[in-house]
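The values are calculated or read from the model by the stated rules, or taken from the named source; none is laboratory data. As the structure is a prediction and not an experimental result, all values here were calculated from the model. Ideal geometry is used to build each Cβ from the backbone, glycine not excepted, and the neighbour counts take in all protein chains shown. Protein only, heavy atoms only, side chains kept; ligands, DNA and RNA dropped before computing areas. Shrake-Rupley method; radii C 1.70, N 1.55, O 1.52, S 1.80 Å.
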Amino acid sequence: QVRLVESGGGLVQAGGSLRLSCYASGSVAISTLGWYRQAPGKQRELVAHITTSGEITDYADSVMGRFAISTENAKNAVYLQMSSLNPEDTAVYYCYLQDVDSTVFWGQGTLVTVSS
């Protein structure tokens, strides 16, 4: 069965950077990889996603220019480089994988806390 594991979350000062990683295990043919986040008291929202070919990317307006998504297809991995972090970025970040049959798999989440 497909499993996704995130890492890289933690506590960071405002203006700092973090890099999140997500690795998928199991047999799967990947179509899309990406990240969602859920801040306290808010709905889960899309942060960024990318096709495995790198042909299409999409970012939330709130992270445009600060976050960068990338993939390493040979490792079934997706990364999120986060810079210029602010307290509004505090959330649990979840990676997801959509396979070629449009089935979606989710990671367990990793907490990012940005302090003032």
Study note, to complete from the structure: Once the dipole of the chain is set up from charges on Cβ (+1 Lys and Arg, -1 Asp and Glu), the residue from the list Ala39, Ala60, Thr103 lying farthest towards its positive end is Ala39
Check your understanding: Which of Val100, Val92, Val47 moves the most in a Gaussian network model of the chain with Cα springs under 10 Å?
Key -> Val100
Point to revise | Of the GluC sites (Glu not before Pro) in region 26-116, those whose Cβ has at most 10 other Cβ within 10 Å and which sit in DSSP loop | key: Glu55
Point to revise | region 3-94 - accessible surface per residue (Å², probe 1.4 Å) | key: 51 Å²
Exercise for review: Diagonalise the Cα gyration tensor of the chain and give the resulting equivalent ellipsoid semi-axes, square root of 5 times each eigenvalue, largest first, whole Å.
Suggested key: 24, 14, 12
Review point. Would you list Thr32, Thr113 from the most to the least accessible area, probe 1.4 Å?
Key: Thr113, Thr32
Practice item. Keeping the other protein chains in place, figure out the carbon and sulfur percent of the accessible area of the chain, with a 1.4 Å probe. Key: 48 percent
Revision key, fill the gap. Simple SL model, points at 7 angstrom along Cα→Cβ for Arg19 and Gln108; separation in nm is 2.3 nm
Practice item. Assign unit charges at the C-beta atoms only (+1 for Lys and Arg, -1 for Asp and Glu), then state the dipole size of the chain relative to its Cα centre in Debye, rounded to the nearest 20. Key: 300 debye
Practice item. For the chain, with a Gaussian network of springs between Cα atoms less than 10 Å apart, report the residue from Ala91, Ala24, Ala14 with the top mean-square fluctuation. Key: Ala14
